[in-house]
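Student: Here's a structure for you.
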Amino acid sequence: MRDEKGRFVSATAQNLLIHSAELEKRAQELILAENEPPVWLKDVVVHFAAALGITPEEFGSRIRIQHPTPNDPVLLVDDKSVISWI
């Protein structure tokens, strides 16, 4: 398989690119629900999901943002706090 520049891309690499793009899409959907999210938040969510091996299909059930108070959002992975920001 070849990419848009004509370079050979293995099936594994192609699957990783598709997986990464789907994770970014899911993260963007999560971020859009936030009020004034920081610019870096989508990247953090995608990196955590990829590092933990979370598939796009699992994303919605394993990653969420919770607001214990309106000013204290927390990123949760498997219902465990990973990062918070103000």
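Computed from the coordinates by the stated procedures, all read-outs in this text should not be read as laboratory data. From a predicted model like this one, the values you see are computed outputs, not experimental measurements. Cβ atoms come from the backbone with ideal geometry, glycine included; neighbour counts cover every protein chain shown.
Student: Grab the strands (runs of 3 or more DSSP E) fully contained in the stretch 38-86, keeping just those with 1 or more residues being loosely packed, with under 11 Cβ neighbours inside 10 Å.
Tutor: Because the criterion is at least 1 residues that are loosely packed, with under 11 Cβ neighbours inside 10 Å, the strands (runs of 3 or more DSSP E) in the stretch 38-86 that meet it are 80-84.
Student: Being over 21 Å from TRP85 (Cβ atoms), hydrophobic (A, V, I, L, M, F, W, C) and in a helix (DSSP H, G or I) narrows it down to one residue among ILE18, ILE31; which is it?
Tutor: Result: ILE18 is the single residue among ILE18, ILE31 that is over 21 Å from TRP85 (Cβ atoms), hydrophobic (A, V, I, L, M, F, W, C) and in a helix (DSSP H, G or I).
Student: Condition first: over 9 Å from the mean Cα position of the chain (by Cα) and either of a type in the set (Phe, Trp, Tyr) or farther than 23 Å from LYS80 by Cβ (or both). Now tell me which residues in the stretch 36-66 satisfy that.
Tutor: GLU36, VAL39, TRP40
Student: Still on this structure, I have one more. Between residues in the stretch 27-54 that are free of Cβ contacts under 8 Å to residues at least 60 places away in the same chain and closer than 16 Å to PRO73 by Cα and residues that are assigned to a loop (DSSP other than H, G, I, E, B) and not charged (D, E, K, R), which pairs lie under 8 Å by C-beta distance while being six or more apart or on different chains?
Tutor: Here the result reads ILE31/PRO37; GLU34/PRO73; PRO38/TRP85; LEU41/TRP85, each pair linking the stretch 27-54 to a residue that is assigned to a loop (DSSP other than H, G, I, E, B) and not charged (D, E, K, R).
Student: Something else about it: Kindly indicate the residue of the stretch 29-86 that is touching a Ser or Thr at 6+ places or on another chain (Cβ under 9 Å) and small (Gly, Ala, Ser) and also farthest from ILE18 (Cα to Cα) among those meeting that condition.
Tutor: ALA49
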